[in-house]
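The values are calculated or read from the model by the stated rules, or taken from the named source; none is laboratory data. Quick caveat, the model's predicted, so the values are computed rather than measured. We place every Cβ from the backbone using ideal geometry, glycine too, and count neighbours over all the protein chains shown.
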Amino acid sequence: MDKSMVRWLELKKDTDYDDVIISSRIRLARNLIKFKFTNNIDYKEAQEVADRFKKAIEIIDIDNDFSVVSMKDIDSIDRRVLIEEHLVSPELINNKDISYYIINKDNTINLMINEEDHLRLQVILPGFDLYKAYDMSNEIDLKLEKYLDFAFDRDFGYLTACPTNTGTGMRASIMLHLPALKMSNYLQGVMDSLGKLGLTIRGVYGEGSRALGDMFQISNQKTLGFTEQEVIDKLENVTCRIIDNERNSRKTLLEKKSDFIKDKIYRSLGVLKYSRIINSNEALENLSYLRMGVSLGLYDKLNFVQITNLMLSVQKYNILKYKYYLHSFKDEDVLRANYIRNFFEKEEI
């Protein structure tokens, strides 16, 4: 089992936004004409939908870059690992008897088949790179449209199972690390402001999820009446303001509560390096403080990508997969602590 790096993170290049931005994602919702939406589809129809997408990908995949996987052929732990690494949605797993995912080698492009819609085309990239993610998703979308008939209306745009996705069918999102805004109690104000702008902020796995490790996703709420460029431009502009607010909050905390912040960061470092038992929430909380410590120049033995990778890798199902790989009978929290200690011994400069 390769636990060295979440694959899409391997493409990360240093940028000016690494202290706050985790990833950029574009997701397109599409449905085939003459087929019921997934929530009403029967097994035979669902297989025909899947077969059409698989054939189309086979035609356009001239470099043999994609793999097709049936969700029902993946064990329950591996399915949850895919969620923790932001590669598939919970809805795809709920539809495991009829759903597939088609993914490229570096895990940046993923086609979820028979999710809430017939297709959820996702591109996820590390860092602040929304337009590149959109260009990649648009390229695949245009290629698929040569061989598939998507449900489209001149007045309403792409037709989707949920009305909030109708129009462009596009959701753009940025994952950010916002510990200082949360600590300073400014996050609720940010959330209220985003709602007025037609944007929303959610937990690390999207709608209905918690903000583990102070990681949040900001995305557009509406897809009807806006072009893709308008959506992306607004999201990027708002994100830049949030980045500034987070950085200013970190600076203020360090200036006004220096001992408190330093204690949080160095205490977290001690917990991570020496604990023998640690649950996922505690691990993520301490890694969040440590990541902030890197941005404040208080810790320099790991970089942002290494800590982000560790934050993704110590979650529940990644550790359970690690447990089965080791054929270990140790408790999950014991193994997590062991994994983190080994990570620091191996990765610290």
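The criterion of at least 3 residues that are farther than 22 Å from residue 232 by Cβ is met by the following strands (runs of 3 or more DSSP E) wholly inside the range 67-149: 100-104.
Report whether or not residue 328 is outside the structural domain of residue 79 (by TED's automatic domain parsing), among the small types (Gly, Ala, Ser) and at pLDDT 95 or above.
Judged against the criteria, residue 328 is not a match.
Does residue 252 satisfy the criteria of being under 21 Å from residue 19 (Cα atoms) and among the polar types (S, T, N, Q)? In short, yes.
Tell me, which helices (runs of 4 or more DSSP H) lie completely within the range 303-349 with 3 or more residues that are under 21 Å from the mean Cα position of the chain (by Cα) and not acidic (Asp, Glu)? Lay out the reasoning, then the answer.
Details: elements: 304-313, 316-326, 332-347.
Passing ranges, in order: 304-313, 316-326.
Kindly list, by first and then second residue, each pair from a residue in the range 100-111 that is outside the structural domain of residue 134 (by TED's automatic domain parsing) and farther than 14 Å from residue 83 by Cα to a residue that is at pLDDT 95 or above and surrounded by fewer than 19 Cβ atoms within 10 Å (Cβ to Cβ), limited to pairs with Cβ atoms under 8 Å and residues at least 6 apart or on different chains. As it stands, the answer is none, since no pair meets every condition given. Kindly provide the set of residues from the range 255-284 that are in contact with a Leu (Cβ under 9 Å, 6 or more places away or on another chain) and within 18 Å of residue 318 (Cα to Cα), ordered by number. Within the range 255-284, 272, 278, 280, 281, 283, 284 meet the criteria. For the range 307-346, residues that are surrounded by fewer than 19 Cβ atoms within 10 Å (Cβ to Cβ) and among the polar types (S, T, N, Q) total 2. Of the residues making up the range 99-118, those that are touching a Lys or Arg at 6+ places or on another chain (Cβ under 7 Å) and crowded, with 24+ Cβ neighbours inside 10 Å are 112, 117, 118. As a summary of the residue check, residue 246 satisfies the conditions (1) outside the structural domain of residue 171 (by TED's automatic domain parsing); (2) touching an Asp or Glu at 6+ places or on another chain (Cβ under 9 Å) except for the one numbered (1). Would it be correct to say that residue 149 is charged (D, E, K, R) and either within 17 Å of residue 112 (Cα to Cα) or touching a strand residue (DSSP E or B) at 6+ places or on another chain (Cβ under 9 Å) (or both)? So residue 149 fits the description; yes.
Do we find that residue 201 is touching a strand residue (DSSP E or B) at 6+ places or on another chain (Cβ under 7 Å) and without any contact (Cβ under 8 Å) to a residue 24 or more places away in the chain in this structure?
Numbers: touching a strand residue (DSSP E or B) at 6+ places or on another chain (Cβ under 7 Å): yes; without any contact (Cβ under 8 Å) to a residue 24 or more places away in the chain: yes.
The answer is yes for residue 201.
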